[in-house]
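*Asks:* Got a structure for you, written out below as structure tokens; questions coming shortly.
Just so it is clear, none of the values below were taken in a lab; they were calculated from the coordinates. Being a predicted model, the structure only gives us computed values, none of them experimental. Glycine gets a Cβ as well: all are built from the backbone with ideal geometry, and neighbour counts include every protein chain shown.
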């Protein structure tokens with residue numbers, strides 16, 4: 001056993017700094033009630049402190065918290081007790097969690113029409129392969145919820161993101177069943193819905209110019225014109241007028257036609273004599 005020497009009080013005021021004289025390695029020792037009792041040589045007080053700490057977290061409570069999903073370090077830090085003490089009671093529960101996660105991989109996912117023929121492990125392994133993920137790096141775990149049901153979790157890393165998928169596991173005949181509890185679990189149960197991203201390449205400047213639309217490349221829209229031929233069945237067509245007097249017809253043809261949208265204004269002589277002028 002190596003002897004350490006006291007260097008002084010740590011800057012936080014709650015720990016004692018110790019040093020190994022041979023290697024110059026320094027250590028930090030909490031200045032708690034146990035240290036003060038040991039410094040005084042109060043053996044009775046040391047025993048009482050140990051009993052008080054153990055009474056804060058009984059073995060049954062340690063196992064319940066481990067079964068609910070906490071780690072050994074989380075329980076030890078939360079209760080203020082040593083990791084070694086938690087490990088003594090957590091080991092059988094950790095085995096139970098590992099065994100349950102292994103059993104859940106042999107369970108059958110529940111579909112709309114009933115349990116799937118394939119197991120959860122087979123479906124997830126196929127989904128990882130479709131997406132290009134390394135299934136061997138994924139880890140399975142499980143815990144028991146407050147309602148007494150087992151929850152199975154799959155953890156994996158994709159790029160820089162940490163992902164998790166959760167299923168509710170119901171042990172039973174032929175491996176039992178699992179039901180998705182979150183979106184990641186639903187996606188992994190439907191690998192056929194995955195579509196790999198399409199790679200979009202930018203066109204080269206010369207190629208891009210070929211695809212620019214021009215006025216010559218755009219075909220003009222042509223409107224269908226109605227036929228100029230008269231309909232023989234149309235009763236509304238104009239009936240040609242037969243002149244009664246040939247001279248009247250000749251005079252009518254000799255008259256110049258009025259320009260479109262420009263009415264002829266009669267002269268003063270036309271008004272007096274009652275005849276139409278021949279002015280154009």
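*Asks:* What is the extension gain from residue 58 to residue 71, computed as 0.36 nm multiplied by their sequence separation minus the C-alpha to C-alpha distance, in nm to one decimal?
*Replies:* The span from residue 58 to residue 71 would gain 3.1 nm if fully extended.
*Asks:* Ok, one more. Working out 0.36 nm times the residue gap between residue 27 and residue 155, then minus their Cα-Cα distance, what length gain in nm do you get to one decimal?
*Replies:* The residue 27-residue 155 span can extend by a further 42.5 nm.
*Asks:* How high is the relative contact order of the range 103-148, given as a whole-number percent (alpha carbon pairs under 8 Å, six or more residues apart)? Present the calculation step by step, with values, prior to reporting the outcome.
*Replies:* Details: 26 pairs, mean separation 10.8, N = 46.
In percent, rounded to a whole number, it is 23.
*Asks:* Still on this structure, I have one more. Evaluate E = 1/(1 + (r/R0)^6) for residue 131 and residue 81, where r is the Cβ-Cβ distance and R0 equals 51 Å; express this FRET efficiency to the nearest 0.05.
*Replies:* 0.75
*Asks:* Still on this structure, please answer the following. Below 8 Å between Cα atoms, with a sequence gap of 6+, how large is the relative contact order for the range 105-192 in percent?
*Replies:* Computed over the range 105-192, the figure is 29 percent.
*Asks:* Also: Describe numerically, in nm with one decimal, the distance between label points set 7 Å from Cα along Cα→Cβ at residue 34 and at residue 183.
*Replies:* In this crude spin-label approximation the distance works out to 4.7 nm.
*Asks:* Under 11 Å from the 7 Å Cα→Cβ point of residue 190, by amide nitrogen: which residues of the range 85-126?
*Replies:* 112
*Asks:* Restricting to Cα pairs below 8 Å that are 6+ residues apart, what does the relative contact order work out to for the range 32-101? Please round to a whole percent.
*Replies:* Values: 38 pairs, mean separation 18.2, N = 70.
Worked out over the range 32-101, it gives 26 percent.
*Asks:* Hey, rough spin-label estimate for residue 88 and residue 44, points 7 angstrom out along Cα→Cβ, what's it come to in nanometres?
*Replies:* Rounded to a tenth, the inter-label distance reads 2.5 nm.
*Asks:* For a test of the definition: using alpha carbon positions, the gyration tensor, and the 1.5 limit on a/c, classify the range 105-192 as rounded, prolate or oblate.
*Replies:* oblate
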